[in-house]
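Here is the structure we will look at, set down as structure tokens.
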Amino acid sequence: MSSVETKPSQSETVRKHKEFLFPAVTNYYEEPLALVRGEGFHVWDDQGNKYLDCFGGVLTVSVGHANPKVNEAIINQVKTLQHTSTLYANKPQSDLAEKLHQITPGRLKKSFFTNSGTEADDTAIHAAKLATGRHEIVVLRHSYSGRSATALSAMGHAPWRPLPPQVAGFVHARAPYCYRCPFKLTYPECGLACANDIEELIMTTTTGEIAAFMAEPILGVGGFIVPPPGYFERAVEITRKHGGLFIADEVQTAWGRTGDKWFGIEHWDVQPDILTSAKGLGNGVPVGITVATPEVADKYPGLTFSTFGGNPVSMAAALAVIQVIEEEDLKTNAKVVGTYLRERLDELKDKHQAVGDVRGLGLMQGLEFVKDRKTKEPAPQTVAKVFEETRRRGVLIGKGGLYGNVIRTGLMLNSTKDHVDQMVEALDAALATV
Ligand SMILES: Cc1ncc(COP(=O)(O)O)c(C=O)c1O
């Protein structure tokens, strides 16, 4: 295992960050890291310390830092044509749109490209309202959808919402959070109470007819909450009964991350009318996608424009990422290495009382920490301690959850079992200090 005793940061970059950026732009770690280089599975800080990157800047570096194939595509495109705006067609954009049609589930066919997950979700919400002529949207508590006025209103997390919801029409359904069931029930005896409750939510808090139900297949920022089998089938059935479309927010769960499938929602037997994604598609290059069925896309009226939407460099990077995932069979890798990761995290649960729950799919696995396994009182202090201790051992991880008590891991899709071992050994050693 790597056991780097890292030096405390003396970083000029961190000092300037603290002085000249909005204080709300907080960094991880008591002494924040300033990263200067990334290669493959590792990053380096400006003090010369090397780290195994097990979070990828929030599941965004998907096929390794500075992946040579992705870099080559980017460099070639920069040398050829860097910018067009959406006023002109460009080949990488058309090719990516065609590819997305081929790999997305169901009848999804037409794409709109933007720069981020926030814009992807905004576009989806607008498209659903325009296609249905309705304005109310069911979203989930514990969800995250970005930082525009619309996305902030949609999400279900007070700590990320600096203002009250500015956009009307969102109603927040109970999360399918089995570890902390909002109905204090247990699956499967619960009969999917959380999904069934969507009907009462619609009938009591909306006009009775909705534009859409928007949900992440796994609630990412919420702490890798995985809905139980049957959840989406029931929730989407209710949605359609009340005239709504289903929007799958795949910003975190796409590109093979959950193992075996391109998209997280494919683990359930439902087909979205609109799918959004971003993050891992660009391997770090800004990109957002909203893919819709022709009926939905065709009802988006008038003119629409995005200066950087469909930027040829981002599109070329995205095409290269998809090609790497296909050529290196990384969906299978995420399943195989993810299964091994899950076994190793389950061992940590057996060994350390602080671990209340282990959950996730594929290479999207998290640990929820509690003070007491019976009361399930959240233990964010444990996460803080484990963070510092794993960093000291040269391993970077992520956190999440409404209570800040979940560790999120997001190893690269091409990670090996050795990387899993390094990360789990660092977690184990860190937990021993708690
Ligand atoms: C599920 C989900 N949707 C939307 C977003 C917003 O994406 P971005 O930060 O690229 O705007 C995020 C970001 O973490 C996300 O996790």
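The values are calculated or read from the model by the stated rules, or taken from the named source; none is laboratory data. Just so we're clear, the structure is a prediction, and the values are computed from it rather than from any experiment. Because the Cβ atoms are built from the backbone with ideal geometry, glycine has one as well, and the counts that use them run over all protein chains shown. SASA here: full protein model, heavy atoms, side chains in, ligands and nucleic acids out. Shrake-Rupley method; radii C 1.70, N 1.55, O 1.52, S 1.80 Å.
Brief remarks follow.
- Accessible area of the chain belonging to carbon and sulfur atoms, whole % at 1.4 Å probe: 53 percent
- With contacts taken as Cα pairs under 8 Å at a separation of at least 6 residues, the chain carries a relative contact order of 22 percent.
- Of every Cα-Cα pair in the chain, the percent that sits beyond 29 Å: 46 percent
- Leading residue at positive end of dipole, the chain (Cβ point charges), from L219, G256, A292: L219
- Viscosity 0.692 mPa s, 37 °C: Kirkwood-radius Stokes-Einstein D of segment 324-434 over Cα pairs, µm²/s: 233 µm²/s
- Per-residue surface analysis assigns W268 an accessible area of about 20 Å², computed on protein heavy atoms at 1.4 Å probe radius.
- Three-way shape call for segment 99-245 based on the alpha-carbon gyration tensor, with the a/c threshold at 1.5: rounded
- Neighbour-limited loop hits for trypsin sites (Lys or Arg not before Pro), segment 214-282 (at most 13 other Cβ within 10 Å; DSSP other than H, G, I, E, B): none
- About its Cα centre, the dipole of the chain is roughly 540 debye, where the only charges are +1 on Lys and Arg Cβ and -1 on Asp and Glu Cβ.
- For segment 222-313: relative contact order, % (alpha-carbon pairs under 8 angstrom, 6 or more apart): 21 percent
- Cleavage-rule hits, trypsin sites (Lys or Arg not before Pro), segment 313-419, DSSP coil, Cβ neighbours within 10 Å at most 12: K374
- Shape of segment 303-383, Cα gyration tensor, a/c cut at 1.5: oblate
- P(r) weight above 13 Å for segment 66-107, C-alpha pairs, percent: 65 percent
- Summed over the residues of the chain and divided among them, the accessible surface reaches 42 Å² per residue at a probe radius of 1.4 Å.
- Normalised contact order of segment 32-106, rounded percent, pairs of Cα under 8 Å and 6 or more residues apart: 19 percent
- Three-way shape label, segment 376-434, alpha-carbon gyration tensor, a/c 1.5: oblate
- Nitroxide proxy distance, nm - points 7 Å out along Cα→Cβ at E72 and W160: 3.6 nm
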